[in-house]
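Okay, so here's the structure we're looking at.
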Amino acid sequence: MRLVSFSRSGTAERSLGALEGDRILELGAAASIVAPGLDSAGRLRSLDLLLGDWERGLPLARSVFERALSAGSKHPNLASAWHARARVTLHAPISRPPTIRDFYAFEAHVKNARGRRGLPVPAEWYEFPAFYFSNPGTLVGDGAPVSKPSWTEALDYELEIACVIGTRARNVPIDQWRSIVAGFTILNDWSARDVQRKEMAIGLGPAKGKDFATSLGPALVTLDEVEAKRTGDRHDLTMEARVNGASLSHGNAKDMHYTFGQMIARASQDVYLFPGDIIGSGTVGNGCLLELGEKVHPWLKPGDEVVLEIERLGTLTNTIV
């Protein structure tokens, strides 16, 4: 399934939907029509509520979705539960995740980014997957504008894949990560490189340089949707970034040095991961302007449209304002 958080035109209320081509099924509304009483706990009102009871919630959502598809025009009121994607506002699938842990999993990105500064890859990078905490309060979804901070002249995108935790868990073995993950999505870790560079020199890691916006979406794609692309512990999913229609970055999720199993095992060491927690992969090799260089494309400015695309996960589009 491709689960989305959306609001109808003229309303601020967010609903849980299932994306099917260019239309969205409002799952809560559909349940009351095709399966009255089935969602008595109200899990289908939002993706946050669904994640709160993922083991029972996902089969429920799937059942309602399949019944709605099978019903077709048999239920005359069912048409009101379908919405054209172009006529709704998509939000980040998770409205306020408990945490966002963004890792540094692609060796090519580490080599390229540090090489630009004349630095080698530190030996410690090969010892364990490292991450930093991002700001859960700055999430935006597909189609949302992203404001250029007034204090940076080096605004950059980052092409990443992320997974969302679906089950509370602690000390997760590397080979059991799939049992606690709800699905995958696209993540754009917007970065102010000039500020980040100074912060890294202090030794605290990314801070204000990544504390203003993170894009997530367009949907939470369940693991079964990408199973055919699984190669061992990784997924063979092509990744691309375009700015104003020009294709700039290309990569593949299978090229990550550290797997999501290794990242989740590290993140869950002696602490709990909670439903809705986001685990970002970090930037794919050549997945940002920092790596490509200003001769390929200058830093982002207001008016620029950035599109991230990952095979089977969709496209995530934002315009700088």
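Any read-out appearing in this document is the output of simple, stated calculations on the displayed coordinates, not a laboratory observation. Given the structure is predicted, the values throughout are model-derived calculations rather than measurements. A quick note on method: Cβ atoms are made from the backbone with ideal geometry, for glycine too, and the neighbour counts reach across all protein chains shown.
With contacts taken as Cα pairs under 8 Å and at least 6 residues apart, the chain reaches a relative contact order of 23 percent.
Highest average first, the peptides 180-189, 141-150 ordered by how many other beta carbon atoms sit within 10 Å of their residues are 180-189, 141-150.
In what sequence do HIS83, HIS250 fall when counting other Cβ within 10 Å, fewest first? Write out the running numbers ahead of the final one.
On the way: HIS83 18, HIS250 14.
Result, fewest neighbours first: HIS250, HIS83.
Would you kindly calculate the translational diffusion coefficient of region 41-197, applying Stokes-Einstein with the Kirkwood radius from alpha carbon pairs, for 20 °C and a viscosity of 1.002 mPa s, and quote it in µm² s⁻¹ without decimals? The diffusion coefficient I find is 111 µm²/s.
Sorted largest first, the principal axis extents computed over the alpha-carbon atoms of the chain equal 65, 44, 31 Å.
From the cross-link list LYS254/LYS295; LYS111/LYS148; LYS208/LYS254; LYS111/LYS210; LYS111/LYS301, which pairs have alpha carbons spaced over 23 Å apart? The pairs that break the limit, which is 23 Å between Cα atoms, are LYS254/LYS295; LYS111/LYS148; LYS208/LYS254; LYS111/LYS301.
Each part reduced to its alpha carbon centroid, region 198-237 and region 72-144 end up 5 Å apart. Loop-resident GluC sites (Glu not before Pro) (DSSP state other than H, G, I, E or B) in region 260-305 with no more than 10 further Cβ atoms inside 10 Å of their Cβ: GLU294.
Each 10 Å bin, from zero up to the one with the longest distance, holds this percent of the alpha carbon pairs of region 214-298: 13, 40, 34, 12, 1. Within region 136-246, the ratio Rg/Rh, alpha carbon atoms throughout and Rh by Kirkwood, equals 1.02. Note on SER32 and LEU49: the model spin-label points, each 7 Å out from Cα along the C-beta direction, lie 1.1 nm apart.
Cα convex hull of region 192-262: how many Å³ per residue? Provide the component values of the computation, followed by the final result.
On the way: hull volume 11.3 nm³, N = 71.
Normalising the Cα hull of region 192-262 by residue number yields 159 Å³.
Given region 2-89, report the % of alpha carbon pairs whose separation exceeds 19 Å. Considering region 2-89, 31 percent of its Cα-Cα pairs are separated by more than 19 Å.
Here region 80-134 is treated as a sphere whose radius is the Kirkwood value from Cα pairs; by Stokes-Einstein at 37 °C and 0.692 mPa s it diffuses with a coefficient of 220 µm²/s. Counting Cα-Cα pairs of region 180-321 in 10 Å increments starting at 0 gives whole-percent bin shares of 10, 37, 37, 15, 1.
Highest mean first, what order results for 70-76, 168-174 on Cβ atoms within 10 Å?
On the way: 70-76: 9.7, 168-174: 14.3.
Highest-to-lowest ranking by the protection proxy: 168-174, 70-76.
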